[in-house]
Amino acid sequence: MHIAVIGAGVVGVTTAYALCQRGHQVTVIERLDAAGMETSRANAGQRSYGYVYPWASPAMIKKALPWLLQQDAPLKMHLPPTADTLRFLIATWRFAQTPGLFDANKRAMLRLGSYSRQCFQALEDELSLDFDSGHRGLMELASDAQSAKALQVNAGLLNELGIEYESLDAAATLEREPALAEHGPLVGSLWLPGDGTGDCYRFTQALARTCEARGVCFQYGAQVVGAERDKGHIRALRLKPSDDGADVPECIASDAFVLCAGTQSRRLGELFGAKLPIYPVKGYSLTAPLLDPERAPRSTVIDDRYKVVSTRLGSRLRATGFVELADMDRRIPGSRLATIRRAIESRFPGAADLDAAESWTGFRPMTPDGPPVIGEGKRNNLYLNTGHGTFGWTLSAGSAQLVAQLIDGETPAVSLEPFRPGRFAH
Ligand SMILES: Cc1cc2nc3c(=O)[nH]c(=O)nc-3n(C[C@H](O)[C@H](O)[C@H](O)COP(=O)(O)OP(=O)(O)OC[C@H]3O[C@@H](n4cnc5c(N)ncnc54)[C@H](O)[C@@H]3O)c2cc1C
């Protein structure tokens, strides 16, 4: 079968790889000049298989208002909010109030996370890709007794799902991450030894090169602007060059289509009759060369005070933070970077050359409930693999295999019911 994949972020490229592995002929269409240039560019680098959860959480709703009023708090919103922001917030609030939904979605995401871990391991065993990858665990810190108690709530669910974890006291936490010694309050941590890290951009680029070598065609600089339909089917995609003068075909015909367009999926979904209320939730990162590796995290650490994630990526330290509702405003205010810097300096002083740090902003393709959208669209040759929000790097390898299984008429290895596209139809 010939299959066209829309979008060459980490989700589109892993999807192309899964389809090509199964012998399909694949074309990837990407509006930018290279793979991994949008949200997959400089994320926190966590492959947090045991630490995935839905956005629409009753606890988050309770914290939202106080957070919006605090300067260093992780949640920000541009005022006045736009109509899109309000619609997204109202939908989130509705999902958060639906009894039992958060727990069901969290279980579903953790199952997908475990499956994605298996898929990453198979992929890394098969291909020797160089992307500063590691599976040296993830640590969530508790700086006070209240945070430590909240970590215990999580632990119950991890037990139930058979996900390996350890609840560490302060001394055991320092054994795992010695650089934390004497830097900031510490009561203990939750340690997920099976979780991993890696540079999502370098992975996406390397996997795209592997795909190309195996015959996948990448059409860069081509924006999908329309679809030609034939009864219930999509026959072809209409393309427009992203830059005037670029050599781009007007149309690409295919047997099936997979939408992996990240934050643009909502607009593209409208072209295909799919209602996808995906909203761009903004975040920031700083990536700095290491000065003293002994002072840096060994793997990846989530600081409960700032909600900043610090990850070692080879000879670099990446720190990310903020959940901001600002539509697609690409500006990077100095105040956001200053908070991330403060968070790094408070836990890992002297670890990295922050004056030489590269700053970045990106937009999580977030569904109002939180789980990604994986499944069949209304047109019977359209498939969706999008809306991965905060965890697209982590879930990419698994969700790509699930879509490929669906396209080949197999029963997916993980139930797709919680991820069904039709859940937003009403
Ligand atoms: C600050 C921050 C930190 C994060 N940290 C983590 C983390 O630690 N772990 C984790 O798992 N996830 C993390 N994420 C989330 C993760 O980065 C995303 O979920 C993931 O990158 C989404 O991948 P994607 O392929 O769906 O989207 P993208 O990478 O945005 O790719 C979509 C592609 O589609 C293309 N496209 C869009 N419209 C069209 C069109 N009309 N025609 C052709 N092409 C089109 C775009 O150009 C783009 O390249 C983080 C995100 C942010 C912002």
What is the residue count in segment 1-49 for residues that are touching a strand residue (DSSP E or B) at 6+ places or on another chain (Cβ under 7 Å), near the ligand (Cβ under 6 Å from one of its atoms) and either of a type in the set (A, V, I, L, M) or more than 30 Å from residue 359 (Cβ to Cβ) (or both)? 5
For residue 205, the lone unmet condition from (1) closer than 30 Å to residue 242 by Cα; (2) more than 16 Å from the ligand (Cβ to nearest atom) is (2)
So in segment 399-417, with the set limited to residues that are open to solvent by 30 Å² or more (accessible area, probe 1.4 Å) and assigned to a helix (DSSP H, G or I), which one is nearest to residue 113 (Cα to Cα)? 401
Of (1) away from the ligand (no atom under 12 Å from the Cβ); (2) open to solvent by 30 Å² or more (accessible area, probe 1.4 Å), residue 85 satisfies all except one. Which? (2)
Could you grab me the full set of residues in segment 125-146 that are polar (S, T, N, Q) and open to solvent by less than 60 Å² (accessible area, probe 1.4 Å)? 133, 143
Which condition from (1) at negative phi; (2) among the aromatic types (Phe, Trp, Tyr); (3) within 13 Å of the ligand (Cβ to nearest atom) is the one that residue 306 breaks? (3)
For segment 347-356, indicate whether the set of residues that are farther than 19 Å from residue 68 by Cα and within 16 Å of the ligand (Cβ to nearest atom) is non-empty. no
Which one of the conditions (1) more than 25 Å from the chain's Cα centre (by Cα); (2) more than 18 Å from residue 24 (Cα to Cα); (3) assigned to a loop (DSSP other than H, G, I, E, B) does residue 215 fail to meet, given that it meets all the rest? (2)
For segment 391-398, does any single residue satisfy the condition of being assigned to a loop (DSSP other than H, G, I, E, B) and either within 11 Å of the ligand (Cβ to nearest atom) or not hydroxyl-bearing (Ser, Thr, Tyr) (or both)? no
Considering only residues of segment 362-382 that are under 13 Å from residue 276 (Cα atoms) and either without any contact (Cβ under 8 Å) to a residue 24 or more places away in the chain or away from the ligand (no atom under 14 Å from the Cβ) (or both), which is most open to solvent (accessible area, probe 1.4 Å)? 378
Residue 71 is checked against (1) open to solvent by 30 Å² or more (accessible area, probe 1.4 Å); (2) within 16 Å of the ligand (Cβ to nearest atom) and fails just one. What number does that condition carry? (2)
Is segment 215-229 home to any residue that is away from the ligand (no atom under 16 Å from the Cβ) and out of contact with any Asp or Glu (no Cβ under 8 Å at 6 or more places or on another chain)? yes
Hey, residue 26 open to solvent by less than 10 Å² (accessible area, probe 1.4 Å), closer than 30 Å to residue 132 by Cβ, assigned by TED's automatic domain parsing to the domain that holds residue 377 and not in a helix (DSSP H, G or I) or not: yes
Note on segment 303-317: residues in a strand (DSSP E or B) and open to solvent by 10 Å² or more (accessible area, probe 1.4 Å) are 309, 312, 316
So, residue 208, is that one closer than 24 Å to residue 13 by Cβ and either part of a helix (DSSP H, G or I) or open to solvent by 30 Å² or more (accessible area, probe 1.4 Å) (or both) or not? yes
Out of 38, 30, report the one residue that is over 17 Å from the mean Cα position of the chain (by Cα) and touching a residue at least 60 places away in the same chain (Cβ under 8 Å). 30
Selection from segment 328-346 of residues within 16 Å of the ligand (Cβ to nearest atom) and touching a Phe, Trp or Tyr at 6+ places or on another chain (Cβ under 8 Å) yields 328, 332, 336, 337, 339, 340, 343
Using the structure shown, decide if residue 202 is modelled with pLDDT of 95 or more, open to solvent by 60 Å² or more (accessible area, probe 1.4 Å) and more than 30 Å from residue 177 (Cα to Cα). no
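The values are calculated or read from the model by the stated rules, or taken from the named source; none is laboratory data. Because the structure is predicted, anything quoted here is derived from the model rather than measured. Reconstructed Cβ throughout: ideal geometry from the backbone, glycine too, with neighbour counts over all protein chains shown. Just so you know, the surface numbers come from the protein's heavy atoms only, side chains and all, with ligands and any DNA or RNA stripped out. Shrake-Rupley method; radii C 1.70, N 1.55, O 1.52, S 1.80 Å.
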